[in-house]
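The values are calculated or read from the model by the stated rules, or taken from the named source; none is laboratory data. None of these values were measured; they are calculated from a predicted model. Don't worry about glycine lacking a Cβ; one is built from the backbone with ideal geometry, like all the others, and counts go over all protein chains shown.
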Amino acid sequence: MRMMRFKCVAVPIVLFALLLSGCSLFEFGGARRAQWRHDSEAQCIAAGRVHASEAITPIPEVDGRGGCGADHPFKIHAFSNGTVALSETAELNCPMAAAMDDWLEHVVQPNAQALFGEPVVGLKLLGTYNCRTIAHVSSMSEHSYMNAIDVGGFRFADGHDILIGRDWNTTDPVIHQFLRVVGDQSCLIFNTALGPDYNADHHDHFHLDLAARMRTHKRVCKAGGLKDGPALYPMPTFTSSIKPKTAPFGDGMQEMPPPAAPASASSITPSDPGAAEEPMPRDDEVEDDD
């Protein structure tokens with residue numbers, strides 16, 4: 001009887017102690033943002049890497065459950081000074097916003113010009129900020145920290161589109177080359193680049209993020225033809241067989257005020273933003289993403 005009374009008293013005391021120790025036990029993810037995230041955002045802002053404009057708007061700190069969010073987030077309607085329109089509004093932290101401009105300038109546009117003789121003027125997005133875990137595992141996704149973006153397609157100036165899900169296994173040699181060289185070279189900018197050859201969850205997009213692997217400092221490069229690249233493909237000399245056509249992206253491209261070089265893309269329709277996710281490690285589990 002005495003033992004039973006002890007148990008009845010002990011259980012409420014233990015529960016009360018757990019509550020006092022921190023409600024994070026009941027929060028989604030159960031953790032706060034790692035210090036490196038705060039530091040990288042602060043450095044980006046101090047360096048002036050992202051400038052507010054009609055296409056990019058700073059928004060207040062997002063402090064979601066389980067540490068989701070960012071200190072200095074931006075709502076983005078277009079990249080590259082408004083010349084590359086988006087299928088849906090992106091919400092990214094400062095380092096990712098700056099990295100996307102770098103990616104377009106140094107990876108996407110040079111390859112677009114070399115292979116097709118025209119620039120990319122629109123991106124189909126499959127998701128940016130989403131407070132969630134990674135598909136099939138319990139670790140938090142980099143999307144939870146506004147530190148990742150899923151790119152599903154490219155709109156070119158003449159109106160034709162390249163969709164990763166539709167065109168990854170195309171027989172057109174130039175489209176094939178474009179997707180693989182952009183996928184490989186993405187690791188020149190991002191710490192993680194995953195694509196269709198990585199796993200089925202990425203069959204229709206490139207997942208790009210700036211996850212910091214504090215123990216290994218490795219980049220995970222699995223978005224192009226070779227794993228753990230980047231493999232910088234030589235430029236081919238053949239001509240693409242694609243013809244301009246009505247874009248399958250849809251007709252809902254966000255309209256932007258005329259920038260210095262107005263975007264000529266017509267429209268892109270947003271896809272399901274939570275469709276695919278990347279198996280990335282937690283902040284304290286940073287050896288690799290396999």
Kindly establish whether Leu115 is among the hydrophobic types (A, V, I, L, M, F, W, C) and either assigned to a loop (DSSP other than H, G, I, E, B) or more than 17 Å from the chain's Cα centre (by Cα) (or both).
-> yes
Checked Val62, Val107, Val120 against criteria (in contact with a Phe, Trp or Tyr (Cβ under 6 Å, 6 or more places away or on another chain), in contact (Cβ under 8 Å) with a residue 12 or more places away in the chain and hydrophobic (A, V, I, L, M, F, W, C)); the one match is Val120
Restricting attention to segment 80-90, does a residue exist that is free of Cβ contacts under 8 Å to residues at least 60 places away in the same chain and of a type in the set (Asp, Glu)?
-> no
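One line per residue, one yes/no per condition, for (1) hydroxyl-bearing (Ser, Thr, Tyr); (2) buried (at least 24 other Cβ atoms within 10 Å of the Cβ); (3) under 14 Å from the mean Cα position of the chain (by Cα); (4) modelled with pLDDT of 95 or more:
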{"residue": "Leu92", "(1), (2), (3), (4)": "no, yes, yes, yes"}
{"residue": "Leu104", "(1), (2), (3), (4)": "no, no, yes, yes"}
{"residue": "Asn111", "(1), (2), (3), (4)": "no, no, no, yes"}
{"residue": "Ser144", "(1), (2), (3), (4)": "yes, yes, yes, no"}
The condition from (1) exposed (fewer than 14 other Cβ atoms within 10 Å of the Cβ); (2) modelled with pLDDT of 90 or more; (3) more than 22 Å from Trp103 (Cβ to Cβ) that Cys68 misses is numbered (1)
Among the residues of segment 150-163, is any over 19 Å from Leu92 (Cβ atoms) and within 15 Å of the chain's Cα centre (by Cα)?
-> no
Residue under evaluation Tyr129, criteria (1) over 25 Å from His38 (Cα atoms); (2) at pLDDT below 95; (3) surrounded by 24 or more Cβ atoms within 10 Å (Cβ to Cβ), criterion not met | (1)
For segment 167-174, does any single residue satisfy the condition of being in contact with a helix residue (DSSP H, G or I) (Cβ under 9 Å, 6 or more places away or on another chain), buried (at least 24 other Cβ atoms within 10 Å of the Cβ), over 30 Å from Val62 (Cα atoms) and at pLDDT 95 or above?
-> no
In segment 91-104, what residues are of a type outside the set (Asp, Glu) and either under 22 Å from Gly224 (Cβ atoms) or without any contact (Cβ under 8 Å) to a residue 60 or more places away in the chain (or both)?
-> Leu92, Asn93, Cys94, Met96, Ala97, Ala98, Ala99, Met100, Trp103, Leu104
Which pairs do you get when a residue that is closer than 16 Å to Val182 by Cβ and modelled with pLDDT of 90 or more, found in segment 204-228, comes within reach of a residue that is in a loop (DSSP other than H, G, I, E, B) and of a type in the set (Ser, Thr, Tyr), reach meaning Cβ atoms under 6 angstrom, with the pair 6+ apart or on two chains?
-> Lys222/Tyr198
